[in-house]
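As structure tokens, the structure follows; a few thoughts come after it.
The numbers here are math on the coordinates, done by the rules we state, and not lab data. The structure presented is a predicted model; accordingly, all values stated were derived computationally and were not measured. Note: ideal-geometry Cβ built from the backbone for every residue, glycine included; neighbour counts use all protein chains shown.
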Amino acid sequence: MDYDLGQFELWQYLIFAGVFFISCFLQGVIGFGAGAFGIPILYFCDFPIDTAIAAITIASMTQSGIGAWQLADSINWKSTIRPGLVRILFILPGVLALDFLHNYSDSPEQNKELIQQSIGIVLILIVLTKGLIKLEPQEDLPVVWEYIAFSISGVMLGFIGMGGPAVALWVMCQPWNAKRSRGFLFAMLFYGMIPLAILLVWKFGATSTTGLILGVLGLPVVFLGTNTGIRVGNMLDRKKLQRYALVALFLIGLSAILKPLLMG
């Protein structure tokens, strides 16, 4: 495979390491946020969008794989098959939507602004969804909600690398204990990452391959950030930290939407 690690400057590699650490730290503390924080920041620092998604994919795959392995006894693996397949099938439309925006016009700058604003809209929707929607567990949730949640998750995963929120909302509606809920989430996240990586390389080629390699090289930072985040999360008020994280994501999303308008 072709790749080019020499295209980035030293400051970008330093930013990459810092973003990787903070993203994984945030994921370890509050259970979400790696993609929502890491992908837009890397993109704003001139990493191609598919490179940023591919790099975070390696981090998320590693985290979720370890989590699923640790909670394997709590996972009903049969219950993961259908939603997992639905999610995987809908990754392709998301990747194609990203490719469409990437080649929307002859102006690379205009295309970048469109993608940047799309990221901002998705981030704000994530914040509003997590902050405003209150869900209660149900014994027999209609199967149609499973198809809706996991198809949306697949599209968002392929489009912008952020497929977790829709899955998390669906899990909140299940009458499961904490271990089974977390195990299911880890399994779903892990299932989607390998197909996403393959589709990114198929559609974007060398830039996605570069992102995957950067993600592998950044694995020590992933382990350090995750372990530190879990330890800190065990000591602090997670609900309060979640509120702070949502505020930060909202501000990142708002800046992504307004920056092209204010600087245009």
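Here are the numbers for this structure:
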read-out	value
CD proxy at 222 nm, helix term only [per DSSP H run n ≥ 4: -39500 (n - 2.57); per residue of the chain; nearest 500]	-27000 deg cm²/dmol
Within region 29-59, backbone nitrogen closer than 11 Å to the virtual label 7 Å beyond the Cα of residue 258 toward Cβ	none
Computed lengthening from residue 174 to residue 147, 0.36 nm per intervening residue step minus Cα-Cα distance	8.3 nm
With Cα atoms, 0 to 90° folded angle of helix 108-132 axis to the chain main axis	20
Separation in nanometres of the label points that stand 7 Å from Cα toward Cβ, at residue 248 and residue 129	2.1
Residues 127, 86, 143, sorted so that the one with the fewest Cβ neighbours within 10 Å comes first	143, 86, 127
Ranked 145, 170, criterion: other C-beta atoms within 10 Å, fewest first	145, 170
Label-to-label distance, nm, for residues given as residue 227 and residue 45 (7 Å Cα→Cβ offset)	2.2
Region 109-152: C-alpha gyration tensor shape, a/c 1.5 cut-off, then a/b vs b/c	oblate
Cα gyration tensor category, rounded, prolate or oblate, for the chain with a/c compared to 1.5	rounded
Interchain or long-range residues, amide H under 5 Å from residue 174's placed H	138
³J(HN,Hα), Karplus 6.51/-1.76/1.60, whole Hz, each residue of region 191-201, x for Gly, Pro	3, x, 6, 5, x, 4, 4, 5, 5, 5, 5
Residue-by-residue Karplus 3J(HN,Hα) for region 177-189, coefficients 6.51, -1.76, 1.60, Hz, glycine and proline x	7, 5, 5, 5, 4, 5, x, 4, 4, 4, 4, 4, 4
Subset of 78/203; 112/203; 130/179; 130/259 violating a 29 Å alpha-carbon distance limit	78/203
In sequence order, calculated HN-Hα J values of region 157-164 (Karplus, 6.51, -1.76, 1.60; Hz; x Gly/Pro)	5, x, 6, 9, x, 10, x, x
Most fluctuating residue given options 39, 119, 15, as computed from a GNM of the chain linking Cα atoms under 10 Å	15
Estimated distance in nm for a label pair at residue 202 and residue 217, the labels positioned 7 Å out from Cα along Cα-to-Cβ	2.7
